1. Output the qualifying pairs, or none if there are none: Cβ atoms under 8 angstrom, residues six or more apart or on different chains, first residue in the range 33-51 and not assigned by TED's automatic domain parsing to the domain that holds ASP135, second residue crowded, with 24+ Cβ neighbours inside 10 Å.
2. If MET113 satisfies all but one of (1) over 25 Å from the mean Cα position of the chain (by Cα); (2) of a type in the set (A, V, I, L, M, F, W, C); (3) in a helix (DSSP H, G or I), what's the number of the condition it fails?
3. Conditions first: (1) in contact with a strand residue (DSSP E or B) (Cβ under 8 Å, 6 or more places away or on another chain); (2) over 22 Å from VAL274 (Cα atoms). ILE226 passes all but one, so which condition is the exception?
4. Any residue in the range 285-302 that is buried (at least 16 other Cβ atoms within 10 Å of the Cβ), at pLDDT below 60, part of a helix (DSSP H, G or I) and on the phi < 0 side of the Ramachandran plot?
5. Of everything in the range 475-507, what is assigned to a loop (DSSP other than H, G, I, E, B) and under 21 Å from the mean Cα position of the chain (by Cα)? Give them in sequence order.
6. List every residue pair whose Cβ atoms lie under 6 Å apart, where the two residues are 6 or more positions apart in sequence or sit on different chains, the first residue falls within the range 189-204 and is more than 15 Å from TYR144 (Cβ to Cβ) and among the charged types (D, E, K, R), and the second residue, located anywhere, is modelled with pLDDT of 95 or more and not in a loop (DSSP other than H, G, I, E, B).
Amino acid sequence: MSDKVIIFDTTLRDGEQSPGASMTKDEKVRIARQLERLKVDVIEAGFAASSEGDFQAISAVAAAIKDSIVCSLARANDKDITRAADALKFANAKRIHAFLATSPLHMAVKLRMSPEEVLEQSKRSIRFARNLADDIEFSAEDGYRSEMDFLCRVVEGVINEGATTINIPDTVGYATPELYGEFIKTLRTRVPNSDKAVWSVHCHNDLGMAVANSLAGVKIGGARQIECTVNGLGERAGNTALEEIVMALRTRKDYFDMVCGIDATQIVPASKLVSQITGFVVQPNKAVVGANAFAHTSGIHQDGILKNRETYEIMRAEDVGWSANKIVLGKLSGRNAFKQRLQELGIAIEAEADLNEAFVRFKSLADQKSEIFDEDIIAIMSNSATAEAAEHYHFLSLSQHSETGERPKSRVTFRVGDKEVSSEAEGNGPVDASLNAIEEVVKSGAEQLLYSVNAITSGTQSQGEVTVRLAKGGRIVNGVGTDPDIIAASAKAYLSALNKLHDPSQAKLNAQMTP
C-alpha cells in the first residue's frame with residue numbers, strides 16, 4: 001500500500017456551505033491559486049449544478065489551475081454529471097465527484113428511494129460519468145451511518161462501473177476515531193474489488209473529532225485520501241482542518257509513517273487568505289494557524305524555549321509560513337519592491353493598469369500608517385479596480401460626529417450604480433449611525449446577523465477588518481471591509497454584503513445536504 005496521502009481540499013465547495021461564506025468567481029480563483037501553491041492534490045472548486053455562478057467559478061478555476069486536479073461535485077444523475085463535465089472542460093486534470101445517500105434515514109426520508117433503487121442509481125451514474133472523465137469519485141453520503149452489508153454492495157457496484165476513488169463520509173460528525181477507522185477497514189476487507197480504487201475519508205467536526213477521525217481512517221482503515229478545508233471551514237462545526245492534518249502527518253511521521261506533498265510554508269498564507277475573503281476570523285488559539293499557536297507567556301515555558309525550542313515546541317513557526325520579520329514595506333518603498341512583495345505573497349497581477357492602481361492604494365495606506373505588513377498588502381489587494389467598477393454599491397466617503405451625552409450622527413456618501421448619493425442618520429454609536437445612513441437610501445430590509453471587528457495587525461495603527469453578515473429571502477451573505485478607520489471599514493463591509501445580496505449570481509441552491 002502506498003504511503004502517500006492525497007490531500008483533497010474542499011474549501012471552495014464544502015467550506016463555502018458555511019452560512020455567509022459564499023465567494024465570488026474571482027475570490028475562488030484567488031484561493032485556488034493559493035491552494036495550487038500549497039501543492040494540494042485535488043481542488044474541489046464547487047457544485048456546478050447548484051447555480052450559474054458556481055458553474056462559472058468552477059470553469060474559471062479549471063482554466064487557471066495547471067498543477068492540481070480540479071473537481072466538481074454532482075448529484076448522482078445525468079444532468080448534474082453533465083453540468084460538472086462542462087464546467088471542467090478546460091481543466092488540465094479533472095475529476096467528477098458524484099454522491100448519493102446510502103443511510104436508511106437519508107434514503108427513506110430525504111431521497112424516498114428503496115435501497116435497490118439507490119444501488120442501481122449509484123451504478124448508473126458512475127457508468128454515465130465514465131463516458132465524460134477518467135477520474136471519477138463516488139461518495140456514499142452519510143456513509144458512516146449506513147448498513148454495512150448494503151454499503152458493501154454499493155461500493156462494489158460503483159467500482160465495477162469505473163469509480164476510481166471511494167469516499168465514505170461522516171456527514172454529520174457522529175463518528176469516533178477507533179470505530180470510524182475500523183468501519184473503513186471492514187469495508188475495504190469485505191469489498192472484493194476494493195484494491196481497484198483509492199479510499200477516501202471526509203469527516204465533519206460536530207463532536208470536535210474530524211481530524212482524529214480522518215487520521216484514524218488513514219492509519220487504521222487504510223484510506224489514502226483525506227478531504228479537508230483550510231481553517232476547518234464548513235457548515236455547522238466545520239470540516240477536517242487541512243493544516244492540522246498536514247502537520248500531524250509531518251510531526252508524527254514516526255507513528256503514521258505516511259507523507260503528503262503539501263508545501264507547509266504556504267499554510268499560513270492560505271489560512272489568512274481564506275479568512276480575509278470569507279470573513280471567518282481564525283480563533284487565536286487555533287492549532288497551527290492561530291495567532292497564539294506559537295506564543296509562550298509562562299515564564300517556565302519562555303525559559304525553556306530560550307534554552308532549546310524543542311522543550312515546548314513540536315514544530316517550527318516558520319515551517320508553516322509564520323514570518324519572524326513581518327514588516328516588509330513603508331511609505332518610501334518603490335513600485336518594484338511592492339511588485340516583488342506581491343509575487344512573494346503569491347498575488348498575481350497580469351495587467352499593468354491593475355498593478356498601478358494597487359500601488360496607489362499601497363501609497364495611500366502608507367501615508368496613514370508607518371509600517372505596512374503582509375496582512376495589509378493582502379487586504380489592499382482584496383478589492384481590485386475591476387471589482388469596484390462592477391459593484392452596484394461602492395463606498396466613497398464618510399463623516400461622523402459623536403460626543404458623550406449626545407446621539408451620534410453620520411453622513412455617508414456612496415455610489416449606487418452610476419449615481420452618487422449621500423445620506424445622514426443617527427444611531428446608538430457612530431457605526432450604527434453609518435449603517436443606518438446607508439439603509440436610509442438602500443432600504444434593503446436585510447436582517448443583520450453578525451457584526452465583527454478584527455485588527456489585521458497589532459497596534460492602534462492597524463487596519464480594522466470588519467465583517468457584516470446579512471440575511472434576506474433565505475440567503476445569508478458576508479461582507480468584509482478594511483480601513484484604518486473602523487467606521488469607514490464598517491460602511492465598506494455593509495455595502496459589500498449588500499452587493500452580494502444584489503448580485504443574482506451569488507444565489508446558491510443547496511439541493512441536498514452534501515457529503
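1. Short answer, once both residue conditions are applied: none.
2. (3)
3. The failed condition is (2).
4. There is no residue in the range 285-302 that is buried (at least 16 other Cβ atoms within 10 Å of the Cβ), at pLDDT below 60, part of a helix (DSSP H, G or I) and on the phi < 0 side of the Ramachandran plot.
5. Going residue by residue through the range 475-507, those that are assigned to a loop (DSSP other than H, G, I, E, B) are 484-485, 503, 507.
Within the range 475-507, ASP503, ALA507 qualify.
6. Within 6 Å, the pairs are ARG190/CYS152; LYS196/ILE159.
For (1) touching a residue at least 12 places away in the same chain (Cβ under 8 Å); (2) in a helix (DSSP H, G or I); (3) buried (at least 24 other Cβ atoms within 10 Å of the Cβ), each residue gets a yes or a no:
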position: SER139; (1), (2), (3): yes, no, yes
position: ILE166; (1), (2), (3): yes, no, yes
position: GLY173; (1), (2), (3): yes, no, no
position: GLY181; (1), (2), (3): yes, yes, yes
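Quick grid of which residues meet (1) assigned to a loop (DSSP other than H, G, I, E, B); (2) at positive phi; (3) buried (at least 24 other Cβ atoms within 10 Å of the Cβ):
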position: ALA32; (1), (2), (3): no, no, yes
position: ALA45; (1), (2), (3): no, no, yes
position: GLN56; (1), (2), (3): no, no, no
position: SER59; (1), (2), (3): no, no, no
position: ALA63; (1), (2), (3): no, no, no
position: ALA74; (1), (2), (3): no, no, yes
position: THR82; (1), (2), (3): no, no, no
position: ASP86; (1), (2), (3): no, no, no
position: PHE90; (1), (2), (3): yes, no, no
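The values are calculated or read from the model by the stated rules, or taken from the named source; none is laboratory data. Note that the structure is a prediction, hence the values are computed from the model and not measured. Neighbour counts run over all protein chains shown; Cβ positions are idealised from the backbone, glycine included.
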